[in-house]
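J.: After the C-alpha cells below, expect a handful of questions from me.
The values are calculated or read from the model by the stated rules, or taken from the named source; none is laboratory data. Bear in mind the structure is a predicted one, so any value in this text is a computation, not a measurement. As a convention, Cβ positions derive from the backbone with ideal geometry for all residues, glycine included, and neighbour counts pool all protein chains shown.
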Amino acid sequence: MAKPPLTDKERIFWSRFSKHLIQKGIKPESVRWYRIRAEQFIRAFPRRRLASLTPDDISGYLLKVGESPNLKPWQYVQVIDAIQILYKLAHTEWSETFDWDYWRASAKALEPQHATLAREYVPPTSAEFARHVGDKRFAPLILSHQPVFEKLVAVMRTRNMSIRTEKSYISWICLRLRVQDVEFERSLIMVRSGKGNKDRIVPLPESLVGPLNEHLETVRALHARDVEQGLGETLLPDALARKYPNAPREWRWQFVFPNRGGLAVRSPLDA
C-alpha cells in the first residue's frame, strides 16, 4: 500500500529533522535510517500527537524495541537518538528531563545479549542482595528496607542493567530520593541533580507502585510519631532550611528511605 503524500507541514518538519542530523555530523546516507526509526516510532502510536505521549509511553516503546533479537547496539542508540530529535523539534517540555542517557547506557551492554531483554528473576539470597548494595555505607539502610529494594533490583534486572549501573541508581535512591520526587499519578520519579547535575524524569515501573505505596504509608506513620514527640525533622540544604524553617518537618521533604534510629533528624546514612 502506497504512503499518502506528505502535507506541506510534514515536509517542512522532516526537512528540519534531516537538517538537524546533518548539523550533528551524521552522514547524509545515514539520515534516511534515522528518519525510518522516527517514522516507526510515530506509527507505533496511531492517531496520537507527539506532545500527547508521556515518558511512560517512550520507555515502553524502547523496552519493546529492545526485545528484538536482531537489534544491534548501534541500531538501538540510533532509535533513541531519532526519538530524542523528534521531541527536540516538537519542543515538548518533559523531553528535556527525560533520562535518554539511561537508555543509551543500557545499549552498552548488548554484547552478547541485548541490555533491555528481560531475564528470569530469582529472589536474591541475603549474600546476593548484599552484593548488589554496592557502597557499604548503605548496607544497614537497604537491609532495613529489604522488601522494597528487592522489588527495585528485580525491575533493574528486567532491563539487564550492568552491576555498576544498578549500584549507581541504588546509591542515588538511598541518598537523595524524597517523598515529593515520587509521582504516583503520573508514574514518574524525579531524579534531582543526576548526571551533569541535571534533573531528569524517569518512569516509575507499575510493579513498584504497590510496594512503594505501602512502604510510604509505613514511613508516614513513623514520621507522624516523630512529630508528636517533637522530632521528625529531615536534612535540607542550608539556604532552603533558612528560608522555610518549617520545611524540615513537612512530609513532602522527608526521605523515602529514612533511618530507623529514632534520631531527632532523620537522614539515610544514619540508618
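J.: Could you identify the single residue in I12, I58 that is surrounded by 12 or more Cβ atoms within 10 Å (Cβ to Cβ) and either free of Cβ contacts under 8 Å to residues at least 24 places away in the same chain or within 14 Å of L86 (Cα to Cα) (or both)?
T.: Result: I58 is the single residue among I12, I58 that is surrounded by 12 or more Cβ atoms within 10 Å (Cβ to Cβ) and either free of Cβ contacts under 8 Å to residues at least 24 places away in the same chain or within 14 Å of L86 (Cα to Cα) (or both).
J.: While we're here: Report, by residue number, each residue of the range 210-231 that is under 27 Å from K151 (Cα atoms), in contact with a helix residue (DSSP H, G or I) (Cβ under 7 Å, 6 or more places away or on another chain) and free of Cβ contacts under 8 Å to residues at least 60 places away in the same chain.
T.: The answer is L216, R220, H223.
J.: Right, another one. For residues that are crowded, with 18+ Cβ neighbours inside 10 Å and within 20 Å of the chain's Cα centre (by Cα), scanning just the range 66-76, find the one that is modelled with the lowest pLDDT.
T.: So, considering only residues that are crowded, with 18+ Cβ neighbours inside 10 Å and within 20 Å of the chain's Cα centre (by Cα), the one modelled with the lowest pLDDT is G66.
J.: Still on this structure, please answer the following. Being among the small types (G, A, S), touching a Phe, Trp or Tyr at 6+ places or on another chain (Cβ under 7 Å) and in a helix (DSSP H, G or I): is that true of A82 here?
T.: It is true that A82 is among the small types (G, A, S), touching a Phe, Trp or Tyr at 6+ places or on another chain (Cβ under 7 Å) and in a helix (DSSP H, G or I).
J.: Kindly provide the set of residues from the range 144-159 that are of a type outside the set (A, V, I, L, M) and either surrounded by 20 or more Cβ atoms within 10 Å (Cβ to Cβ) or modelled with pLDDT of 70 or more (or both), ordered by number.
T.: S144, H145, Q146, P147, F149, E150, K151, R159
J.: Working carefully through the options S193, S168, S207, S187, find the one that is hydroxyl-bearing (S, T, Y), closer than 20 Å to W253 by Cβ, surrounded by fewer than 18 Cβ atoms within 10 Å (Cβ to Cβ) and at pLDDT 55 or above.
T.: So the residue among S193, S168, S207, S187 that is hydroxyl-bearing (S, T, Y), closer than 20 Å to W253 by Cβ, surrounded by fewer than 18 Cβ atoms within 10 Å (Cβ to Cβ) and at pLDDT 55 or above is S193.
J.: Of all the residues that make up the range 210-252, how many are in contact with a Ser or Thr (Cβ under 8 Å, 6 or more places away or on another chain) and buried (at least 19 other Cβ atoms within 10 Å of the Cβ)?
T.: Selection size over the range 210-252: 1.
J.: For the range 171-184, give me each residue that is of a type in the set (F, W, Y) and modelled with pLDDT under 75.
T.: W172
J.: Exactly one of these conditions fails for I36: (1) within 21 Å of D99 (Cα to Cα); (2) loosely packed, with under 14 Cβ neighbours inside 10 Å; (3) of a type in the set (V, I, T). Give me its number.
T.: (1)
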